[in-house]
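The values are calculated or read from the model by the stated rules, or taken from the named source; none is laboratory data. Remember, predicted model here, so these are calculated numbers, not experimental data. These area figures cover heavy atoms from the full protein model, side chains too; ligands, DNA and RNA do not enter into them. Shrake-Rupley method; radii C 1.70, N 1.55, O 1.52, S 1.80 Å.
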Amino acid sequence: MQHLPSKMSGIYLTGHGGPECLEYRDDIDIPTPAADEVLVRVEAAGVNNTDINTRIGWYSKGDQDAEDASWAGKALQLPLIQGADVCGVIVGVGAGVSQDRIGERILIEPCLVEAQGQTLENPWYFGSECNGGFAQYTVVASRHAYGLSCDLSSAELASFPCSYSTAENMLTRAAVGEGERVLITGASGGVGSAAVQLAKARKAEVIAITSPSKEETLKQIGADITLSRDAELVAQLGHNSVDVVIDLVGGAQWPHLLEVMKPKGRYAVSGAIGGAMVELDLRTLYLKDLSFFGCTVLEEEVFGNLISYIEQGKIKPLVAQTYPLADIAAAQAAFQTKKHVGKIVLTL
């Protein structure tokens with residue numbers, strides 16, 4: 001293992017609430033990799049909805065002090081180092097990991113099936129059930145540290161793991177194929193803009209819902225059609241006109257998504273930024289033979305496929321802004337304004 005300092009800087013989440021619950025520290029012990037783990041020097045880490053939702057207790061469905069105020073419905077072990085989107089370099093290895101991995105540039109797969117020496121029956125999320133990447137160093141099971149070779153910067157690479165793997169997982173679960181018509185809500189966000197690119201990589205036709213100010217950017221990354229958030233979907237697209245819906249929004253307009261889906265259409269969801277409670281007419285669901293997919297845990301092949309797309313240049317990073325790690329509160333505030341396209345990334 002390389003010679004390393006004994007302490008590091010990082011951000012502790014100390015409780016559920018506002019940005020005052022994020023504490024920058026420079027006296028945190030550097031973790032030691034256990035068997036089958038690697039120690040990673042973090043170079044950049046992306047900001048995600050999950051970080052903020054966990055901080056404010058959104059997952060507890062209203063009670064931020066509840067013990068289930070994490071995405072997995074479990075009590076958090078505080079203080080916690082969040083951060084699931086990580087690009088870094090391996091600087092140390094535990095027993096059972098080849099020394100040849102030291103110096104390898106990696107992305108961390110955020111959905112963990114192995115952590116802290118155990119195979120997990122219910123996957124953990126990096127930076128939720130265990131410490132993540134909002135610090136100078138972090139540890140992760142070697143199997144979740146994917147090496148890659150490309151010319152992108154660390155900030156650009158840190159824009160990929162969560163958003164793009166979430167999007168690719170939704171497209172995988174919904175079995176999006178060439179020539180299919182795909183409607184993507186929340187298309188200007190991290191996951192939405194990733195889904196636009198990844199759907200185009202599958203040679204699908206992409207309809208992106210976004211704000212007028214972001215339409216041109218989405219067309220530049222592959223959207224064939226853009227619609228405003230308040231568009232009358234049935235009037236603009238017609239009944240039974242879409243093969244697949246990739247939904248990150250939910251909200252009051254949700255029933256219209258089902259109206260534009262073709263019989264035997266597929267709906268995949270991995271977010272509810274417009275409102276978690278929606279109205280479902282069960283007759284639409286069963287009379288049209290629709291299939292619904294709730295998407296959180298990654299399918300086994302998803303992250304490896306994502307690495308291949310990056311190395312082949314089939315998808316491009318979209319970094320809206322970067323902030324130093326110590327400015328995490330400002331970065332999260334900017335993230336919540338939703339004025340950007342792509343990702344906001346913290347640099348170390």
Check: Tell me, what ³J(HN,Hα) does each residue in region 328-344 have, in order and in whole Hz, if you take phi through Karplus 6.51 cos²θ - 1.76 cosθ + 1.60 with θ = phi - 60° and put x for Gly and Pro?
Finding: 4, 4, 5, 5, 5, 5, 5, 4, 6, 6, 6, 8, 9, 10, x, 10, 9
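Probe of 1.4 angstrom, ligands and nucleic acids ignored: what's the accessible area per residue over the chain, in square angstrom?
Details: 14790 Å² over 348 residues.
Normalised by residue count, the accessible surface of the chain is 42 Å².
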Margin query: With θ taken as phi - 60° and the coefficients 6.51, -1.76 and 1.60, list the Karplus ³J(HN,Hα) couplings across region 26-37 in order, rounded to whole Hz; mark glycine and proline as x.
Written below: 10, 10, 7, 5, 5, x, 10, x, 7, 4, 6, 10
Notebook entry, point to check: For Glu168, what accessible area in Å² do you get when you roll a 1.4 Å probe over the heavy atoms of the protein chains, rounding to the nearest 10?
Noted result: 0
Item checked: Long-range HN-HN contacts of Leu4 with modeled amide H, under 5 Å -> none
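For Val191, Val182, give me the order by solvent-accessible area with a 1.4 Å probe, most accessible first, ignoring ligands, DNA and RNA. Each step should come with its number before you reach the end.
Working: Val191 30, Val182 0 Å².
In descending accessible area the options line up as Val191, Val182.
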Check: In the chain, carbon and sulfur make up what percent of the accessible area (probe 1.4 Å)?
Finding: 47
Notebook entry, point to check: Any idea of Asp27's accessible area? Nearest 10 Å², probe 1.4 Å.
Noted result: 70
Margin query: List the residues, sorted by chain then number, that are 5 or more residues from Leu120 or on another chain and whose placed amide H is less than 5 Å from its amide H.
Written below: Glu114, Ala115
Check: What per residue convex hull volume, in Å³, do the alpha-carbon atoms of the chain yield?
Finding: 127
Next item on the list: With a/c under 1.5 counting as rounded, go ahead and sort region 148-233 into rounded, prolate or oblate using the C-alpha gyration tensor (a ≥ b ≥ c being the square roots of the eigenvalues; past the cut-off, prolate if a/b is larger than b/c, else oblate).
Entry: oblate
Note to self: For Lys214, give me every one of the aspartates and glutamates with a C-alpha distance below 17 angstrom, ignoring sequence neighbours fewer than eight places off in its own chain.
What the structure shows: Asp224, Asp230
Next item on the list: Quick one: angle between helix 302-312 and the longest Cα principal axis of the chain, in degrees between 0 and 90, rounded to 10, please.
Entry: 90
Next item on the list: Pull up the cross-link candidates among the lysines for Lys264, meaning alpha carbon to alpha carbon under 30 Å and not fewer than 8 places away within one chain.
Entry: Lys200, Lys203, Lys219, Lys288, Lys314
Note to self: Let's test this: bin the Cα-Cα distances of region 212-282 at 5 Å from zero up to the farthest pair and state each bin's percent.
What the structure shows: 4, 14, 23, 27, 23, 7, 2, 0
Check: Amide H to amide H under 5 Å from Leu290: which residues, 5+ apart in sequence or cross-chain, H placed 1.01 Å off N in plane?
Finding: Lys264
Check: For region 272-348, what class follows from the C-alpha gyration tensor (a ≥ b ≥ c being the square roots of its eigenvalues): rounded when a/c is under 1.5, otherwise prolate if a/b is larger than b/c, else oblate?
Finding: oblate
Notebook entry, point to check: Relative to the longest principal Cα axis of the chain, at what angle does helix 190-201 sit, 0 to 90 degrees, rounded to 10?
Noted result: 70
